[in-house]
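These notes concern the structure reproduced below.
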Amino acid sequence: MTQTASKSYRIYDWAGAVLGALAIGRLSLLLVNHIDVSVFSIFAALIAGLLVADLFSGLVHWAFDTWGTTKTWLVGPIAIRTFREHHIDPHAMLRHGFVETNGHNLGLAALPALAGVLLLDSVAVWNAWFLFFVALFVAMTSQIHKWAHEPSPSKIVKVFQTFRLIIPPATHRQHHVGAHTGAYCITVGWLNPLLDKTGFFRTLERAITFLTGAVPRSAHVCSTKIMSPER
Ligand SMILES: [Zn+2]
Ligand SMILES: [Zn+2]
């Protein structure tokens, strides 16, 4: 990878991190003035936000594992490459710093957070709380995924993993055995059994193949050829 490309990735990661932090921070400040909803409502928004973030993590992960190549326009070098390399060297992410790990997801999380900021006055407050939790859990997903690969995470992370409030290593390992064709959700993993047992992703693949003729995993490069120097 050229120095220019490496610098572009750093700018991309930092831009995502700053944008996401600002959007989530802004929505948090606005919601402080809207805590006049019941604790039950906020808890319901938290669970709904967590499930949506979990599903989103599964869909994004499945899409980048299944379709396209590292040369696909835009998403190839910045996203597909990361997912494919992770299958070859799952521990490479442990060498990444905070911004490199989380910049991409923080950037994605800015979208629901900004939607919450813009819609807060025009939609029910519950929706803004829901968007806040979607943004929060989307923002945390890469870090949670990284923790699932840590040989010895901190005690508090272990507690969260033990109670399955974030995806535990044993649950995520199911994705890394075999052909990487299941257990795609990496936020909390609660949806993995349902999506895998119902054949959700295989049905989606058949539908896409029927509509476009594209063959899932046809462009997989399962060799060290796609490995490139650290970003
Ligand atoms: Zn994968
Ligand atoms: Zn992994």
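Any read-out appearing in this document is the output of simple, stated calculations on the displayed coordinates, not a laboratory observation. These numbers were taken from a predicted model, which means no experiment stands behind them. Heads up, the Cβs are rebuilt from the backbone with ideal geometry, glycines too, and the neighbour counts pull from every protein chain shown.
Exposed loop sites were defined as chymotrypsin sites (Phe, Trp or Tyr not before Pro) in DSSP loop states (anything but H, G, I, E or B) carrying at most 12 other C-beta atoms within 10 Å; in the chain the longest segment without such a site runs 74-162. Only alpha carbons enter this Debye calculation for the chain, each as an equal point scatterer, and the log10 of I(q)/I(0) it gives at q = 0.12, 0.17 Å⁻¹ is -0.72, -1.35.
With +1 assigned to the C-beta of every Lys and Arg and -1 to the C-beta of every Asp and Glu, and no other charges, what is the dipole magnitude of the chain about the Cα centre in debye, to the nearest 20?
Details: 18 positive and 12 negative charges, 112 e Å.
Here the chain has a charge dipole of around 540 debye.
Neighbour counts of other Cβ atoms within 10 Å put 196, 89 in the fewest-to-most order 89, 196.
What trypsin sites (Lys or Arg not before Pro) in segment 38-93 are in a loop by DSSP, with at most 14 other Cβ atoms within 10 Å of the Cβ? Walk me through the numbers on the way to the answer.
Details: sites: 71, 81, 84; in loops: 71.
Listed in order of number, the matching sites are 71.
Distance from the alpha carbon centroid of segment 159-206 to that of segment 26-58 works out to 23 angstrom. Under 18 Å of direct C-alpha separation, and excluding same-chain neighbours fewer than eight residues apart, residue 146 reaches these aspartates and glutamates: 13, 54, 65, 85, 89, 100, 230.
The magnitude of the dipole of segment 70-158, with charges of +1 and -1 set on the Cβ of Lys/Arg and Asp/Glu and taken from the Cα centre, is near 240 debye. Across the chain, C-alpha contacts under 8 Å between residues 6 or more apart give a mean separation that, scaled by the residue count, equals a relative contact order of 30 percent.
The alpha carbon gyration tensor of segment 1-100 gives principal lengths a ≥ b ≥ c with a/c of 1.5 or higher and a/b greater than b/c, which makes the shape prolate.
Pairs of Cα atoms under 8 Å, at least six residues apart: use those to get the relative contact order of segment 44-100, whole percent.
Values: 20 pairs, mean separation 12.3, N = 57.
So the answer I get is 22 percent.
For the chain, hydrophobic long helices are taken as DSSP H runs at least 27 Å long by C-alpha position along their axis with mean Kyte-Doolittle hydropathy of 1.0 or more; these are 39-66, 98-119. Cβ-Cβ distance of residue 40 and residue 14, R₀ of 35 Å, FRET efficiency by 1/(1 + (r/R0)^6): the value works out to about 0.35.
Where a ≥ b ≥ c are the square roots of the eigenvalues of the C-alpha gyration tensor, would you call segment 62-140 rounded, which needs a/c under 1.5, or, failing that, prolate if a/b is larger than b/c, or oblate?
Values: a/c = 3.08, a/b = 2.08, b/c = 1.48.
Prolate shape, in that a/c is at least 1.5 and a/b is the bigger ratio.
In this structure, residue 162 and residue 94 have a Cβ-Cβ separation that, at R0 = 30 Å, corresponds to a calculated FRET efficiency of about 0.90. Dipole orientation for segment 3-226: of the candidates 175, 192, 133, 175 has the Cα lying most toward the positive pole (charges on Cβ; Lys, Arg +1; Asp, Glu -1). Selection among 157, 33, 122 by position relative to the dipole of the chain gives 157 as farthest towards the positive end (Cβ unit charges, Cα centre).
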